[in-house]
Amino acid sequence: MSKQQPLPSPIVVKVENVTQRFRVMSERPDTMRELVAGFLRHKVSYRDFDAVKNVSLQVAQGQMVGLVGRNGSGKSTLLKLIAGVYKPTAGRVHVEGTLAPLIELGAGFHHELTGRENILLNGLLMGYSKAEMRRREQSIIDFAEIGEFIDSPVKQYSSGMHMRLAFAVATEVDPQILIIDEILAVGDASFQQKCFARIRSFRESGKTILFVSHNMQQIIDQCDRAVLLEHGAVLADGVPAEVVETYKHIWAPEMTAAD
Amino acid sequence: MKELVRDTYRYRQLIWALAMKELKVRYKRSVLGFLWALLNPALMMLVLTLVFATIMRFSIKHYAIFLLSALLPWTFFAQSLGYAVESIVGNGELIKKVAVPKLVFPVAAVVSNIINLLLSLIPLAILVPLMRHPIYWTWLYLPVPMLALIIFTLGVTFLFAAANVYYRDVTHIVQVVLSAWFYFTPIIYGLDLIPVNRQWLFKLNPLLYVINGFRLAVYYGMLPRWQSVATSFVCAFAALLIGYGIFRKYQDDFVFYV
């Protein structure tokens, strides 16, 4: 009933009765030979699987929402629906404002291109203009601590450098909504701190953050709301400490044994 | 269709960056770099001229120019298709993580090949006076068949890029189709070589009209008849309408199959 409190902040992410269905092929015909063979055997070898089932969720501006749930509970699918990577099978997703999906950092990087070229390409992929990326280029390089390597192909980067550059590009563009999918598990301690410092400053400037983590302490410390997903449905939604408690309670080892 | 124009314009910087990426990656780690875009057609000219004019003794005057005027647009078509057919599947990892309009990938593949085509016209323009073949004013007409060719190529690439998402056989089929199509199109020979009662068959080839436009302008110094130009544009827009229509219908599903 916490929603009854006066909330002046506008809703920026609206998920309405969204279902995402995946067709899981036991043997998906990747080639025509397999397709023809399948027809001949009169075999329809797929089953439908709802990764997200009739989920509704509203996120107000400035909220930091943690998504928790076991592997395969639909957290990543939900994030990808909000990020617009998937079009929902049913329902509607509405997002107000620019959105930076940190779903897999550096997804748009091409290993043969230099760091500088990748900054531009990645920014364009996220929908920013060339002029905008040029303007932010230096602060991205500074934050990522890449130094003179910025003009070397990224295939020569260490995985830490790769991560740092990707995080810098995704956050330096100043998105209004940030989606973070378990990416902070990697990287060394000092960079993680730097990332969290940046996330904090994002929060202070009133930005919305959706955050997936398996680190319950992070959820309790960082988020002001948590959502528990199970089998693609929302099981609990509210104060992080309580939701985490529910999660632990349901999935305590003795309970799973009984399941 | 309106959407195609709007998205292409809205994402023009991304398309350009992707096209440049493609060219950079293609010529990266080669000593001559971008020069290969010029050298490739130049060397091909040399080989083909040697084979067809010297060894097989085709009795066409300035055969190299005759050949290249049709071969360069063909190469553009074949290479665009070869690249674009893989463009969705090849960028699958990206499509799975970033919300980006899918059309940018095939369009970028075509754009990178437009640059190649323009570059390859340079050795041709050098060769023409070198062989003491006149440079006709009809060269100025080239943008017209080029436009029709680009539109047609886009349509075909949309179709095959989409089909390849579902059935990877398409990549291989494209190669076979292209080599058959190459011989079926008057490139290494002229249409007049074909017996008159068989010519109707060759006239079913939508590429004939554009390629003919190139050859007429560069080699013969003539302009095609308006019927031929009209046919080339009708074919081009029909291909785009069908190709993009199918692509658009399935594009939201690509992410599940790449």
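A few notes on this one:
- Extending 7 Å from the Cα toward the beta-carbon at both A:Arg135 and B:Lys61 defines two label points whose distance is 6.1 nm.
- Ordered by the count of other Cβ atoms within 10 Å of each Cβ, fewest first, B:Phe256, B:Phe158, A:Phe149 give B:Phe256, A:Phe149, B:Phe158.
- Per-residue average of Cβ from other chains inside 10 Å of B:7-17: 3
- Rounded tilt (10° steps) of B:143-166 against the dominant C-alpha axis of chain B: 40 degrees
- Spin-label model, A:Arg198/B:Phe202: points 7 Å from Cα along the beta carbon direction are separated by 6.2 nm.
- A convex hull fitted to the Cα coordinates of the protein assembly as shown yields 192 cubic angstrom per residue.
- Relative contact order %, segment A:104-175, counting alpha carbon pairs below 8 Å whose residues are six or more apart: 42 percent
- D_trans [Stokes-Einstein, Kirkwood Rh over alpha-carbon pairs] for segment A:95-233, 37 °C, 0.692 mPa s, µm² s⁻¹: 210 µm²/s
- Extents of segment A:104-175, largest first, come to 27, 20, 20 Å (Cα atoms, principal axes, whole angstrom).
- Fewest neighbouring Cβ atoms within 10 Å first, the residues A:Asp50, A:Asp181, A:Asp224, A:Asp151 line up as A:Asp151, A:Asp224, A:Asp50, A:Asp181.
- Pairs from the list A:Lys194/B:Lys102; A:Lys155/A:Lys207; A:Lys14/B:Lys249; A:Lys53/A:Lys207 with a Cα-Cα gap above 31 Å: A:Lys194/B:Lys102; A:Lys155/A:Lys207.
- Note on B:Tyr189 and B:Tyr9: with the Förster distance fixed at 30 Å, the Cβ-Cβ geometry gives a FRET efficiency of about 0.15.
- Inter-chain neighbour count for B:90-102: the average number of beta-carbon atoms from partner chains within 10 Å of each residue's beta-carbon is 5.
- Principal-axis analysis of the Cα atoms of chain B puts helix B:63-84 at an angle of about 10° to the longest axis.
- The Cα center of segment B:186-235 and the Cα center of segment A:124-190 differ in position by 52 Å.
- Whichever lysines have a C-alpha closer than 27 Å to that of B:Lys61, once near sequence neighbours (fewer than 8 apart) are set aside: B:Lys203
- Cross-link reach is defined here as a Cα-Cα straight distance under 19 Å, omitting same-chain residues fewer than 8 places apart; for B:Lys96 the aspartates and glutamates meeting it are A:Asp30, A:Asp50, A:Glu104, A:Asp181, A:Glu182, B:Glu86, B:Asp252, B:Asp253.
- Efficiency of FRET from Cβ geometry, B:Val234 and B:Val25, R₀ 45 Å, rounded to 0.05: 0.80
- Förster radius 35 Å - calculated FRET efficiency between B:Ile135 and B:Gln227 (Cβ-Cβ, nearest 0.05): 0.85
- With the simple spin-label model, which puts each label point 7 Å out from Cα in the Cβ direction, the A:Ser152 to B:Gln175 separation comes to 3.6 nm.
- Here segment B:116-130 is scanned for amide nitrogen atoms under 20 Å from the site 7 Å beyond the Cα of B:Asn40 along Cα-to-Cβ, giving B:116-127.
Bear in mind that the values in this text are calculations on the coordinates, not laboratory data. Just so you know, these numbers come straight off a predicted model, no measurement behind them. Quick reminder, even Gly has a Cβ in these numbers, built from the backbone with ideal geometry, and neighbours come from all protein chains shown.
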